[in-house]
Structure formats: structure tokens, C-alpha cells
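Following: one structure in C-alpha cells, then a few remarks.
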Amino acid sequence: MSGIRTRRRQPGGGDMVLLQARVSPTAHEIVKDAATKSGVSIAYYVEALVQQLVAENGELPRIPRPRPQKETLDIDIEEAPITAA
């Protein structure tokens with residue numbers, strides 16, 4: 001049995017799991033500042049924000065992909081014959 005715990009208990013008794021994400025320094029500062037002004041941790045702020053958005057909209061909003069899908073180019077390519085060694 002591992003000594004590392006991956007779940008924590010919420011004060012209300014529910015399980016908590018780790019959520020990690022890489023964000024831009026600007027996004028980090030915005031969230032950090034909002035959490036500080038609210039007097040809570042970043043983790044609690046993100047949890048409360050998710051709960052608020054779901055309560056207001058029934059789900060989290062959909063967002064566009066970060067970059068466009070790669071286009072398929074219609075190029076004719078002739079393959080060179082490969083002879084076995």
C-alpha cells in the first residue's frame with residue numbers, strides 16, 4: 001500500500017482529487033488575484049467558480065479550440081518504388 005494519498009476529504013465529507021493544468025502567466029495572475037481578493041486559496045476559488053458556472057448554466061461553457069484544425073491539402077504524390085534488400 002502506497003503512503004501517498006491521492007484523495008483528500010472536503011470539510012463536508014466528499015472526496016477531493018488533484019486537478020492540474022498549465023496556463024499562461026497572465027491567466028495564473030488573474031486567478032491568483034481573484035482568489036486573494038476573495039480571501040481563499042486558488043484551489044478553492046477554482047472549485048467555487050466551476051460550481052457557480054454549472055449552477056448558472058447547467059454545465060461549463062464550451063470554448064473554441066486553441067488553434068485551427070490542420071487542413072488536408074489535395075496534393076498528388078507519386079511514391080518511389082522501394083526494392084527489398
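A few remarks follow.
- Anisotropy class of the range 21-60 from Cα gyration tensor, a/c 1.5 cut: oblate
- A Förster radius of 25 Å, combined with the Cβ-Cβ distance separating V40 from Q20, puts the computed FRET efficiency at roughly 0.85.
- With 0.36 nm allotted per residue and the present C-alpha distance subtracted, the I82-Q52 stretch has 4.7 nm of extension available.
Every number here is computed from the coordinates shown, using simple stated rules; none is lab data. None of these values were measured; they are calculated from a predicted model. Glycine also receives a Cβ, built like all others from the backbone with ideal geometry; neighbour counts cover every protein chain displayed.
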